Every structure is written in C-alpha cells, then in structure tokens.
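The values are calculated or read from the model by the stated rules, or taken from the named source; none is laboratory data. Values in this document were obtained by computation on a predicted structure and should not be read as measured data. We place every Cβ from the backbone using ideal geometry, glycine too, and count neighbours over all the protein chains shown. The area values use the complete protein model at the heavy-atom level, side chains included, leaving out ligands, DNA and RNA. Shrake-Rupley method; radii C 1.70, N 1.55, O 1.52, S 1.80 Å.
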Amino acid sequence: MSPSPAFVSQLTAKRRHLLLVSENEPTISRLTAMIVQSDFHIGVISENFPFLANLSALENIVLGCMYHKAMSFQSCRERIQGHIDILGLNDALDQRAQILSRSMLLKMHLLRCIANESAFIILPLPSRSDCDILSRALESLEREIFLWVACLSNNQDIYTSLEYPIIDLNSLQ
C-alpha cells in the first residue's frame, strides 16, 4: 500500500521535523510523487527537482512564486529578501546553479520552498551533510518550517542523531 493523502495530513498535523524510514526506495518515491502532485504546502529538495540551467539562482527561486501566485519577479524577490539577507546569499543570486557550492545551492533550494510558502520540506534520500546544512539554515531563519528526512531503514542510524521522531513508512505496506 502506498502513502495516502490522509497519511500526509497526519504528518503535517504533527508540525515537527520527522525522519521517514522505509525499507525500499519505491515507497519514498511514491510519497514524494504524491506530495508533488498534491495541494499540500510541502516543498521538495532533491536532485530530481534541479534548478533550470539557463536561469540564474534568483530566477529559479522565484519562478514558482511568479507562476502559482501570479506575482511579479520583484514582488517575489521582496517577499524573500529578508531570508536572502540572513542566509548571506545576495552576492550569489545572479549566478547559475552549476557554479554554486553545495551549501549555497541547498540554501537556494530552501529559498525556493519558502517563496512557494512551503511549511514542510521533504528531503528524499539526502546525504547527512545536506540535512545538517539545511537544519542550520532553518535555525538561522527562525521560521516554523519542518524538514522531513526520508531515508532507507538500512541507513537510519546515519540520521538518528538529528533526534527527529521516526515514522515507519513500511507500516503502510
């Protein structure tokens, strides 16, 4: 059985960071696909959702905001400018994603989620260092945005020091 919208509603109701554990990648992929296609305000930071190569970092960040909210480029930028300042990304906004450091790229993806009003962000199969970078960035922003780290059960020990409550996705099957 795949994760259902009701299950995602239960996760959002928890209003906290979570470690989502599965025995297999297809379950995590199905959950991520369902989230992307839903009306939940859940962002996704994953290699499967890269920045467009022909756009600057800022253009990639505000693209969804402009499209889904029918807002101007400048309005979208103003909406996230405080976060850009806190994360120290002003000098990198005109750069293409291909030349950004991993840390900067992850923070840019975080800004894209914030621009789209995501209160939750799922990280399907992230590296532990990516989790640390994003966790520190969120702490500096002092916003109520929750990370959902989705990992395989055989890698669960890598993430337990995050001290997020564990949700077993295998129980859905």
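Which condition number does Leu20 fail, the rest of (1) closer than 25 Å to Pro165 by Cα; (2) in a helix (DSSP H, G or I); (3) open to solvent by less than 10 Å² (accessible area, probe 1.4 Å) being met?
(2)
List every residue pair whose Cβ atoms sit under 8 Å apart, with the two residues 6 or more apart in sequence or on different chains, where the first one lies in the stretch 139-151 and is more than 16 Å from Asn116 (Cβ to Cβ) and the second, anywhere, is polar (S, T, N, Q) and buried (at least 17 other Cβ atoms within 10 Å of the Cβ).
Listed pairs, sorted by first residue: Ala150/Ser22; Ala150/Thr32; Cys151/Ser22.
How many residues, within the stretch 106-139, are under 25 Å from Arg96 (Cβ atoms), touching a His at 6+ places or on another chain (Cβ under 9 Å) and polar (S, T, N, Q)?
Matching residues across the stretch 106-139 total 2.
Results for (1) of a type in the set (A, V, I, L, M); (2) farther than 21 Å from Asn48 by Cα, shown as yes or no for each residue.
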| site | (1), (2) |
| --- | --- |
| Ile84 | yes, yes |
| Leu106 | yes, no |
| Ala115 | yes, no |
| Glu144 | no, yes |
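Filtering the stretch 155-169 down to residues that are in contact (Cβ under 8 Å) with a residue 12 or more places away in the chain and open to solvent by 50 Å² or more (accessible area, probe 1.4 Å), which residue is nearest to Arg16 (Cα to Cα)? Before you say what the answer is, go through the steps one by one.
Initial filter on the stretch 155-169 (in contact (Cβ under 8 Å) with a residue 12 or more places away in the chain): 156, 158-160, 162, 164-169.
Going one step further and asking which of them are open to solvent by 50 Å² or more (accessible area, probe 1.4 Å), we end up with 158, 160, 166, 168.
Details: Ile158: 19, Thr160: 15, Ile166: 11, Asp168: 16 Å.
Looking at the filtered set, the residue picked out is Ile166.
Taking Met34 as the residue in question, decide whether it is open to solvent by less than 60 Å² (accessible area, probe 1.4 Å) and either part of a loop (DSSP other than H, G, I, E, B) or at pLDDT 95 or above (or both). Please lay out each step first, then the result.
Working: open to solvent by less than 60 Å² (accessible area, probe 1.4 Å): yes; either part of a loop (DSSP other than H, G, I, E, B) or at pLDDT 95 or above (or both): no.
So Met34 fails the test.
Look through Leu125, Leu147, Leu172 and report the one residue that is surrounded by 15 or more Cβ atoms within 10 Å (Cβ to Cβ) and at pLDDT below 95.
Working: Leu125 fails: at pLDDT below 95; Leu147 fails: at pLDDT below 95.
After ruling out the rest, the residue left standing is Leu172.
Ile45: open to solvent by less than 80 Å² (accessible area, probe 1.4 Å), at pLDDT 95 or above and out of contact with any Asp or Glu (no Cβ under 6 Å at 6 or more places or on another chain), yes or no? Let's see the steps before the verdict.
On the way: open to solvent by less than 80 Å² (accessible area, probe 1.4 Å): yes; at pLDDT 95 or above: yes; out of contact with any Asp or Glu (no Cβ under 6 Å at 6 or more places or on another chain): yes.
Judged against the criteria, Ile45 is a match.
Are there any pairs with C-beta distances below 7 angstrom linking a residue in the stretch 100-122 that is part of a loop (DSSP other than H, G, I, E, B) to a residue that is of a type in the set (Phe, Trp, Tyr), with the two at least 6 apart or on different chains, and if so which?
Ala119/Phe146
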